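Taking it in order: structure first as structure tokens, then the write-up.
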Amino acid sequence: MIPPKELLDSLRENNLVIFVGSGFSKPLGLLDWNKLAELAIDEFKQQDSNVEYLRKCLQSNVLNEIAVFDALYNINPEKIEQFIKTANNKIKDSSNLDLHRKLWKISERIITTNYDKALELSKPDHTIETICNNSNYEVSKSLRLNKWLYHLHGKVDDIQNCIIFSKDYHRLYNEQNGSIEQLRSLAANNTFLFIGFSMKDRFVSNLFNNLDIVFKRHSNNDRFILLHKDDSLKSTYLQRIDIANYDMIPGFLDILIHSKELQLQSPVTITRYLRRRCRTFYPDSAEFNSIMIELRNETFKKENIVNFK
């Protein structure tokens with residue numbers, strides 16, 4: 001499998017942001033959103049047998065998982081919050097974080113909608129700051145750093161501030177939210193790789209509809225999603241990278257790691273890099289002309305060696 005050229009370029013330029021979904025943590029024994037809703041219904045039906053109707057609505061697509069959690073919140077808010085906290089605080093095999101460590105070798109800027117601690121436990125060093133949405137000012141300040149882990153929907157240590165219920169989603173995903181503005185700025189200036197998302201998951205569909213707010217007005221040539229070949233994708237702001245099965249993910253990550261290591265070991269001159277970029281665009285296109293202007297300007301400067309770190 002050959003990754004798209006734009007994705008490989010982002011490794012060289014060190015402007016890749018990885019966006020991680022719940023599917024990436026499933027091998028650790030953590031539940032996907034649908035299974036979590038099913039088990040929550042099992043837990044609550046001991047208190048109120050009527051909640052069994054929620055299961056029928058969930059299975060027939062009358063309600064999505066968020067609506068189920070909303071209904072259970074109306075019955076007992078403390079109980080459903082504690083249930084979700086406990087479910088996401090169980091990493092059955094904390095020693096098996098190799099896949100998560102691979103992500104950190106590719107990029108030290110990761111966003112996740114997961115509440116669990118897998119990415120935190122696999123961080124290569126303590127200087128990588130962990131960010132939540134508790135303060136727009138803190139989010140803005142931290143995202144200016146070169147390395148961070150951004151729990152967009154919160155994390156299990158602070159379940160009351162996690163994005164779980166409809167009211168939480170409405171609070172986060174609106175035009176006035178400072179965190180959304182920060183995401184929009186990241187999207188405008190960086191390449192994104194989405195990984196660990198199954199488009200069959202209704203929670204994911206809801207999430208991607210919300211992300212329309214973030215990515216609107218931007219083209220999709222620098223945002224990629226790793227998907228199973230049979231998954232459909234309605235979102236026009238993402239460019240898909242198909243895999244035959246999810247067992248191919250480790251190999252795909254290894255290709256990106258190897259590519260990054262080779263690029264860091266082989267410094268290139270600025271002009272040589274720009275000449276390479278010219279070849280990817282049609283002559284007289286806006287992109288080609290822009291690079292040619294940069295190339296012309298560079299020829300009047302003393303040529304410096306750049307490692308793109």
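Just so you know, in segment 81-126 the residues that are modelled with pLDDT under 95 and β-branched (Val, Ile, Thr) include one that is surrounded by the fewest Cβ atoms within 10 Å (Cβ to Cβ), and it is THR86.
Evaluate the following for LYS5: is it surrounded by fewer than 20 Cβ atoms within 10 Å (Cβ to Cβ), of a type in the set (D, E, K, R) and without any contact (Cβ under 8 Å) to a residue 12 or more places away in the chain? Spelling it out, it is not the case that LYS5 is surrounded by fewer than 20 Cβ atoms within 10 Å (Cβ to Cβ), of a type in the set (D, E, K, R) and without any contact (Cβ under 8 Å) to a residue 12 or more places away in the chain. Somewhere in segment 75-93, is a residue part of a helix (DSSP H, G or I) and farther than 25 Å from GLN160 by Cβ? No - not one qualifying residue is present in segment 75-93. The number of residues in segment 127-144 that are within 16 Å of the chain's Cα centre (by Cα), surrounded by fewer than 20 Cβ atoms within 10 Å (Cβ to Cβ) and assigned to a strand (DSSP E or B) comes to 1. Candidates in segment 253-268 are the residues that are hydrophobic (A, V, I, L, M, F, W, C) and at pLDDT 85 or above; of these, the one that is nearest to LEU97 (Cα to Cα) is LEU253. In segment 147-178, of all residues being among the polar types (S, T, N, Q) and in contact (Cβ under 8 Å) with a residue 60 or more places away in the chain, the one that is nearest to ASN74 (Cα to Cα) corresponds to SER166.
Within segment 104-118, is even one residue within 21 Å of ILE195 (Cα to Cα), without any contact (Cβ under 8 Å) to a residue 40 or more places away in the chain, assigned by TED's automatic domain parsing to the domain that holds VAL139 and not in a loop (DSSP other than H, G, I, E, B)? For segment 104-118, residues within 21 Å of ILE195 (Cα to Cα), without any contact (Cβ under 8 Å) to a residue 40 or more places away in the chain, assigned by TED's automatic domain parsing to the domain that holds VAL139 and not in a loop (DSSP other than H, G, I, E, B): present. With respect to the conditions (1) within 19 Å of ASP32 (Cα to Cα); (2) at pLDDT below 75; (3) in contact with a Phe, Trp or Tyr (Cβ under 6 Å, 6 or more places away or on another chain), ASN206 lacks only one, and its number is (3).
The values are calculated or read from the model by the stated rules, or taken from the named source; none is laboratory data. It should be emphasised that the depicted structure is a prediction, and the values quoted were computed from it without experimental measurement. Note: ideal-geometry Cβ built from the backbone for every residue, glycine included; neighbour counts use all protein chains shown.
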